[in-house]
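Read through the structure below, which is laid out as structure tokens, and then see the notes.
The values are calculated or read from the model by the stated rules, or taken from the named source; none is laboratory data. This structure is a prediction, so every number in the text was calculated from the model and none was measured. Glycine also receives a Cβ, built like all others from the backbone with ideal geometry; neighbour counts cover every protein chain displayed.
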Amino acid sequence: MKAVLCGYYGMGNGGDEALLAALLQMLPASVEPIVLSGDPAQTRSRYQVEAVPRKSLGAVLSALRQADAFIWGGGSLMQDASSLLNPVYYGGLMLLAQMMGLKTVAWAQGIGPLNQSFSRWLMRRALAGCRAISVRDRDSAALLQQWNCKYLLAPDPVWGLDREPVKGLWDLPAPRVAVALRPHRYLTESRLAVLATALDSFQKATGACLVLVPFQPIRDEAIAQFIASKLSGSHHIYSLVQPQQIKGLFRGVEMTIGMRFHSLIMSAAEGCRSFAISYDPKVDALANDLSLPGYDLSPQPAVLPPLPDDPNAICKAWLDCYVNGEAQTPDQIQSQVDRAFMHKDLLADALYP
């Protein structure tokens, strides 16, 4: 069996690459994947799989004609907050695959926000034709319930992703604290400056080596460099590309200050204390599910308190998490991992009923 895997792959985003790695890890061994990628050569080299350019209509059609199945492979694909092109691209391909008679699966999705009526109609129609649907958060599950769609709710598959060691990490001075920020309209220049000042104060108070982790280097590296320029103590920037190594990095740190969704999942999965800086409902939902402390950057905070303007207040909150915060227990982590593998069972049942 051949299956086309469709997601935000080959775009240099560590979280989406981790989802692809988890999907390939959980795909039945008899299934031959064809990945739609923004960088097919890199995807072929990194994962040893067939890959075609995601924006080449001819290549995508050729892949679909060869395939028996089509899988939306994890993440927040079904949303129009960043662009209306998202539902058009992903929903359009799903409907095309269904018209061509492929077995279709929506796998490990986070649905929404869907602000446009057209987006909601398109996604509802695409999902109605799927053999199986799994989602990773309660809000997505609630929406599917309204749409009368059968679904599986399970933790993000990255909980179950294998880890690999990171060269040189253990040579950095301990204790180590990871920082994973990303650009966003809510993270203004003034707020970033406040966070950088707070990080410098936090470092002076703890003596920690700050490990700056750009999950999408082409976008996040500038923020990491800016923070590094404001630090007076030990620090290191890790721009890793292998998802398993990114996850392995969190095995070697004491705490994570994370804005990137998957930085918080990887941190929790590796037994780190975690502090969330939310910009999106998916981060709110994760912070709520794991009882994480944190701040919200959005204009109308829903779960976490708003980010203070005072760097001293932020530093104090981080110190409290560092000293008194609790990581997920081994039993809690194992529960999340076990349930994340429900996404694997869903694939097997959908592709080989």
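Structure summary
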| quantity | calculated |
| --- | --- |
| Strands (runs of 3 or more DSSP E) lying entirely in the stretch 1-80 (those with 1 or more residues that are without any contact (Cβ under 8 Å) to a residue 60 or more places away in the chain) | 32-37, 50-53 |
| Residues being crowded, with 21+ Cβ neighbours inside 10 Å and in a loop (DSSP other than H, G, I, E, B) - total across the stretch 284-296 | 1 |
| One residue from 223, 237 being crowded, with 21+ Cβ neighbours inside 10 Å, of a type in the set (Val, Ile, Thr) and at pLDDT 95 or above | 223 |
| Some residue of the stretch 51-61 being in the same structural domain as residue 134 (by TED's automatic domain parsing) and surrounded by 24 or more Cβ atoms within 10 Å (Cβ to Cβ) | yes |
| Residue match in the stretch 279-292 (condition: over 26 Å from residue 141 (Cβ atoms) and either modelled with pLDDT under 95 or charged (D, E, K, R) (or both)) | no |
| Condition check for residue 258: in contact (Cβ under 8 Å) with a residue 24 or more places away in the chain and under 15 Å from residue 163 (Cβ atoms) | no |
| Residue that is assigned to a loop (DSSP other than H, G, I, E, B), out of contact with any His (no Cβ under 7 Å at 6 or more places or on another chain) and small (Gly, Ala, Ser), where the choices are 263, 239 | 239 |
| Residue satisfying condition, being free of Cβ contacts under 8 Å to residues at least 60 places away in the same chain and among the hydrophobic types (A, V, I, L, M, F, W, C), within set 317, 348 | 317 |
| Test: residue in the stretch 132-144 that is β-branched (Val, Ile, Thr), part of a helix (DSSP H, G or I) and either assigned by TED's automatic domain parsing to the domain that holds residue 108 or under 30 Å from residue 295 (Cα atoms) (or both) | no |
| Restricting the stretch 302-336 to residues that are under 21 Å from the mean Cα position of the chain (by Cα) and part of a loop (DSSP other than H, G, I, E, B), the residue that is farthest from residue 257 (Cα to Cα) | 302 |
| Filter result for residue 163 (more than 15 Å from residue 78 (Cβ to Cβ), surrounded by 13 or more Cβ atoms within 10 Å (Cβ to Cβ), under 24 Å from the mean Cα position of the chain (by Cα) and charged (D, E, K, R)) | yes |
| Count - residues of the stretch 162-192 that are in contact (Cβ under 8 Å) with a residue 24 or more places away in the chain, in a helix (DSSP H, G or I) and under 27 Å from residue 297 (Cα atoms) | 2 |
| Whichever residue in the stretch 138-160 is of a type in the set (D, E, K, R) and modelled with pLDDT of 95 or more and, among such residues, is nearest to residue 266 (Cα to Cα) | 156 |
| The stretch 130-147, subset touching a strand residue (DSSP E or B) at 6+ places or on another chain (Cβ under 7 Å) and of a type in the set (A, V, I, L, M, F, W, C), residue surrounded by the fewest Cβ atoms within 10 Å (Cβ to Cβ) | 141 |
